[in-house]
1. List the number of the failed condition for V39; all other conditions in (1) assigned to a loop (DSSP other than H, G, I, E, B); (2) touching a Ser or Thr at 6+ places or on another chain (Cβ under 9 Å); (3) under 30 Å from S167 (Cα atoms); (4) at pLDDT 95 or above hold.
2. Among the candidates G71, G89, G57, G49, single out the residue that is out of contact with any helix residue (DSSP H, G or I) (no Cβ under 9 Å at 6 or more places or on another chain), touching a residue at least 40 places away in the same chain (Cβ under 8 Å) and not assigned by TED's automatic domain parsing to the domain that holds L173.
3. Within region 136-144, can one find any residue that is in contact with a His (Cβ under 8 Å, 6 or more places away or on another chain) and either in the same structural domain as F26 (by TED's automatic domain parsing) or small (G, A, S) (or both)?
4. Return the only residue of I100, I178 being farther than 30 Å from I64 by Cβ and of a type in the set (V, I, T).
5. Would you call D124 among the acidic types (D, E), assigned by TED's automatic domain parsing to the domain that holds D169, surrounded by fewer than 17 Cβ atoms within 10 Å (Cβ to Cβ) and touching a residue at least 12 places away in the same chain (Cβ under 8 Å)?
6. Out of I100, I96, which single residue is surrounded by 21 or more Cβ atoms within 10 Å (Cβ to Cβ) and at pLDDT 95 or above?
Amino acid sequence: MKKILLLVLSACACVAATLHAQDATFRSGDSFDLRISGVPADDQSTISGAYTVDNQGYFNLSYIGKVKAGGRTASEVQTLVERAYVDQGYFTHPTISLTIAPTARFVNVGGQVKSPGRIPYTADMTVFSAIGAAGDFTEFAKQNGVILMRGGKSTKIDCKKIRSDPSQDVRVLPGDIIQVPESPF
């Protein structure tokens, strides 16, 4: 009975991780599976498959060419592709589904945490929860000077204030870097 329960819980966790990954925006280098339905079988086999977002944020699809995925969510890209196939007259009712591998999304946590490294991203992840996933602060951590690096910009975060007011916690995005400096005391 316990084995079945563990199996069910593991399956639920995998589905939840996939759904959280779907909420994130695409970036260069992201790989995903695209499936199309509601079209002839030959076209399904031609279009369905694995794709990767290029350095400019695009991927290339049969018939419609380059599609801008960078900075968009999976649901936005699905709608964009469906509209493109309809608007360009290729299909009348295509249905697109995209699946991003959850293992392809990470947040890096380093510095004065007990287990620094790459943390698998989830859509509900915050700076504080990412630090918790990295084993929490060490006794030498400067908790009021945590640095969040995103897109070449740095933001200082006071995790001591977050403890007393969780609404100040900042959501993280895939590819973010969280650095916990050492306290001089």
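1. Going through the list (1) assigned to a loop (DSSP other than H, G, I, E, B); (2) touching a Ser or Thr at 6+ places or on another chain (Cβ under 9 Å); (3) under 30 Å from S167 (Cα atoms); (4) at pLDDT 95 or above, V39 breaks only (3).
2. Matching residue, one of G71, G89, G57, G49: G71.
3. Checked region 136-144: no residue is in contact with a His (Cβ under 8 Å, 6 or more places away or on another chain) and either in the same structural domain as F26 (by TED's automatic domain parsing) or small (G, A, S) (or both).
4. Answer to the check: I178.
5. yes
6. Answer to the selection: I96.
The values are calculated or read from the model by the stated rules, or taken from the named source; none is laboratory data. In this text the structure is predicted, and so the values were computed from the model without any measurement. Backbone-built Cβ (ideal geometry, glycine too); neighbour counts: all protein chains shown.
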